[in-house]
Amino acid sequence: MSENTPPLSPQSWSQLPHGEQIKGLIEHTLTPWWPKVFGYHMLSLGALSAELNMPELPIGRRFSLFDGDGAAVRADFTALPIQNGVIDAVVMNMLLEFETDPYKMLRETDRVLISGGYLFIIGFNPLSPAFMGKLLPKYQQQLPWSGRFFMPSRVKDWLGLLGYQVISDERFLYHHLLSDIREESIWQDALQAWLPSSGSMYLIVARKLESPLTPIQEKRKVRSTQWATAPSAGRSEHYKTDQKTDKIRN
């Protein structure tokens with residue numbers, strides 16, 4: 001696979017190890033956020049996002065976009081056929097890991113979001129047990145380890161460059177995904193308690209900041225100093241005295 005060819009992204013939860021369990025955890029993590037989102041249009045980017053249940057989402061219309069069967073709109077993530085500033089919220093699941101230019105995709109997503117709109121990004125955390133699959137040749141070409149795992153801090157840096165305010169950065173799923181996920185596990189509970197940032201998955205919630213309404217004031221022009229010398233009082237008196245002396249002499 002060449003550097004310019006993106007790895008194949010998952011098209012269904014069944015393609016991921018323990019996909020249905022991961023889907024349930026993501027839905028559980030996102031559920032408290034849905035009542036906070038208002039507007040008319042919710043965009044689900046990617047096939048995985050399209051399958052999420054979103055209870056109590058107060059948005060009039062929700063539609064999915066990806067280049068595959070079952071999408072409401074088929075298009076590339078870096079060239080969305082959507083007008084500027086018409087989407088109220090966007091959710092993307094595990095897309096940055098499988099894009100050649102993830103920052104370009106974020107810029108295109110930013111273009112269609114309204115000011116104050118919500119952006120929900122779910123991805124894999126490299127500083128977590130899930131990174132073990134990348135170290136084992138047996139799993140390196142399998143999903144999700146065939147993709148690139150970006151640090152959540154790097155994703156937040158990209159969002160900062162685009163003018164977003166990150167309002168939440170959460171971790172969940174403290175598991176390596178190489179074996180069955182048990183609901184009760186001593187070492188998983190220990191990781192969550194002692195290393196809360198080591199969750200295998202992250203959720204970043206960000207809002208697009210509004211553009212300033214007042215124009216930036218122009219810099220004041222510095223007036224150049226006038227160097228003309230003003231006559232002093234002493235010099236003026238000396239000139240008058242010289243005139244009187246000339247008259248007396250004449």
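The values are calculated or read from the model by the stated rules, or taken from the named source; none is laboratory data. In this text the structure is predicted, and so the values were computed from the model without any measurement. Note: ideal-geometry Cβ built from the backbone for every residue, glycine included; neighbour counts use all protein chains shown. Calculation scope for accessible area: heavy atoms of the full protein, side chains included, ligands and nucleic acids excluded. Shrake-Rupley method; radii C 1.70, N 1.55, O 1.52, S 1.80 Å.
Conditions (1) at pLDDT 95 or above; (2) at negative phi; (3) over 19 Å from the mean Cα position of the chain (by Cα), marked per residue:
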position: G117; (1), (2), (3): yes, yes, no
position: F120; (1), (2), (3): yes, yes, no
position: W145; (1), (2), (3): yes, yes, yes
position: F149; (1), (2), (3): yes, yes, no
position: S168; (1), (2), (3): yes, yes, no
position: L173; (1), (2), (3): yes, no, yes
position: Q188; (1), (2), (3): no, yes, yes
Single residue of the stretch 48-62 satisfying the filter (without any contact (Cβ under 8 Å) to a residue 40 or more places away in the chain and within 16 Å of L95 (Cβ to Cβ)) that is surrounded by the most Cβ atoms within 10 Å (Cβ to Cβ)
A50
Hits in the stretch 1-39 (condition: closer than 20 Å to F66 by Cα and either of a type in the set (S, T, N, Q) or at pLDDT below 95 (or both)):
N4, T5, P6, P7, L8, S9, P10, Q11, S12, S14, Q15
Is it true that some residue in the stretch 88-100 is open to solvent by 60 Å² or more (accessible area, probe 1.4 Å), over 27 Å from Y174 (Cα atoms) and either in a strand (DSSP E or B) or of a type in the set (K, R) (or both)?
no
For the stretch 68-93, pairs from a residue that is under 15 Å from K104 (Cα atoms) and polar (S, T, N, Q) to a residue that is at pLDDT 95 or above and open to solvent by less than 50 Å² (accessible area, probe 1.4 Å), with Cβ under 7 Å and 6 or more apart or across chains, are T78/M105; T78/E108
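Of the residues F120, F124, only one is open to solvent by less than 30 Å² (accessible area, probe 1.4 Å) and touching a Pro at 6+ places or on another chain (Cβ under 8 Å); which?
Just one listed residue meets the conditions, F124.
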Can you say whether S14 is within 26 Å of D180 (Cα to Cα), without any contact (Cβ under 8 Å) to a residue 12 or more places away in the chain and polar (S, T, N, Q), as far as the supplied structure shows?
yes
